[in-house]
Amino acid sequence: MRPSKPLLPALIALLLLTGCGAPASTPAAAPPADGVRITSVTIPSAPPVSASREAGVHADPLPAGDSGISAAYEVANGGTQALAYTILFDFTTDAGEVMANTTATVRAVGPGATVRGTVRLGAPGPGSSRVTRVKVSRVTKVPAAEAPPEADVCPPSGIRVTADDGDAAMGLRVVGLHLENCGKLDYPLDGHPLLELLDAGLSPVPGVRIVQGSGGITTGTGFDEPARPLVLKPGESALSGLMWRNTTESGDPIDVPHVRVRAKEGAEPVTVTPHLDLGTTGLLAVRAWTRPTKETPQGR
């Protein structure tokens, strides 16, 4: 009579191969946020190390720097023009604490069209708690024809215009506007960029005064330097800047999620999304185009 083999290792191995360590994809029930909806979230479970050693089996590890956490989403454009979407996703705990953010850009979604994609967490930060949920934190959309180009793409105009993440100190806000001549011809500039302030629906925002220079907001920023003629050779760049204070006193605060920028009169527009929180001041300062220096990395 043959001796019976222990069943426990085989049972543990079966559980490891069919359950633990396998990604679990859960349908998402959250309503769409401005046309963006998470359709499912994938959260891998962690296999019990001691059990896998006892059974003589192991789960395949994830690639280095990959948590295995992801969310499938879809973007539905219910408007009448093609739009480019920038979506900020929050990866959170059960309690809603945000452990990480990831931004996804969907370049062109036609009217009535739906585009699907997947966003991944990547490597979790040191000391992060377990991520169990993914949510849409913010959606920004601009006309596809006016979206800032990708870093390695030169638009037909030969000019690449972008905005940086800005800087803040004691209520003072500064966002840099960057212009790069990525074309093959010289590009002349003389003056300040031309701005249109737009709300979330891409309509003009009233009640804001745009001033050339500092407008008395503060001194020592370089915003009061006079405009000088510039000629950008291919590969050269220039910068400008936006400055404001988000002081809130009487009245309703003004929020400007979009700024349509023209480098000069007649230039093609580019719509950037610096999210200007102007408070109740209603004042926005703009700096003249200048050549970048080590002292002015962000238009300051």
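Within region 117-129, is even one residue free of Cβ contacts under 8 Å to residues at least 60 places away in the same chain, closer than 12 Å to Val75 by Cα and not polar (S, T, N, Q)? Yes, region 117-129 contains a residue that is free of Cβ contacts under 8 Å to residues at least 60 places away in the same chain, closer than 12 Å to Val75 by Cα and not polar (S, T, N, Q). Do we find that Glu74 is at pLDDT 95 or above and open to solvent by 20 Å² or more (accessible area, probe 1.4 Å) in this structure? Answer is yes for this residue.
Of the residues making up region 244-297, those that are in contact (Cβ under 8 Å) with a residue 12 or more places away in the chain, of a type in the set (Gly, Ala, Ser) and not in a strand (DSSP E or B) are Ser250, Gly251, Ala263, Ala267, Gly282, Ala288. Exactly one residue among Val205, Val175 is open to solvent by less than 20 Å² (accessible area, probe 1.4 Å) and at pLDDT 90 or above, and that residue is Val175.
With respect to (1) more than 27 Å from Ala151 (Cα to Cα); (2) under 21 Å from the mean Cα position of the chain (by Cα); (3) of a type in the set (S, T, N, Q), the lone exception for Thr273 is condition (1). Would you point out which residue out of Gly125, Gly96, Gly117, Gly68 is at negative phi and either part of a loop (DSSP other than H, G, I, E, B) or among the basic types (Lys, Arg) (or both)? Criteria check complete, one pass: Gly125. Restricting region 178-200 to residues that are charged (D, E, K, R) and within 19 Å of Glu268 (Cβ to Cβ), the residue that is most open to solvent (accessible area, probe 1.4 Å) is Lys184. Could you tell me whether region 207-214 includes any residue that is touching a Pro at 6+ places or on another chain (Cβ under 8 Å) and touching a residue at least 12 places away in the same chain (Cβ under 8 Å)? Within region 207-214, not a single residue is touching a Pro at 6+ places or on another chain (Cβ under 8 Å) and touching a residue at least 12 places away in the same chain (Cβ under 8 Å). Determine, yes or no, whether Thr162 is open to solvent by less than 70 Å² (accessible area, probe 1.4 Å) and either under 17 Å from Pro292 (Cα atoms) or of a type in the set (Asp, Glu) (or both). Spelling it out, Thr162 is indeed open to solvent by less than 70 Å² (accessible area, probe 1.4 Å) and either under 17 Å from Pro292 (Cα atoms) or of a type in the set (Asp, Glu) (or both). Scanning region 230-237 for residues that are at pLDDT 95 or above, touching a Phe, Trp or Tyr at 6+ places or on another chain (Cβ under 9 Å), polar (S, T, N, Q) and not in a loop (DSSP other than H, G, I, E, B) turns up nothing. Please verify whether region 181-194 includes one or more residues that are closer than 17 Å to Gly241 by Cα and in contact with a Ser or Thr (Cβ under 6 Å, 6 or more places away or on another chain). Yes: one or more hits. I'm checking my understanding of the structure. Among residues of region 87-116 that are buried (at least 17 other Cβ atoms within 10 Å of the Cβ) and hydroxyl-bearing (Ser, Thr, Tyr), which one is nearest to Gly35 (Cα to Cα)? Among residues in region 87-116 that are buried (at least 17 other Cβ atoms within 10 Å of the Cβ) and hydroxyl-bearing (Ser, Thr, Tyr), the one nearest to Gly35 (Cα to Cα) is Thr102.
The values are calculated or read from the model by the stated rules, or taken from the named source; none is laboratory data. These numbers come from a predicted model, not from an experiment. Reconstructed Cβ throughout: ideal geometry from the backbone, glycine too, with neighbour counts over all protein chains shown. These area figures cover heavy atoms from the full protein model, side chains too; ligands, DNA and RNA do not enter into them. Shrake-Rupley method; radii C 1.70, N 1.55, O 1.52, S 1.80 Å.
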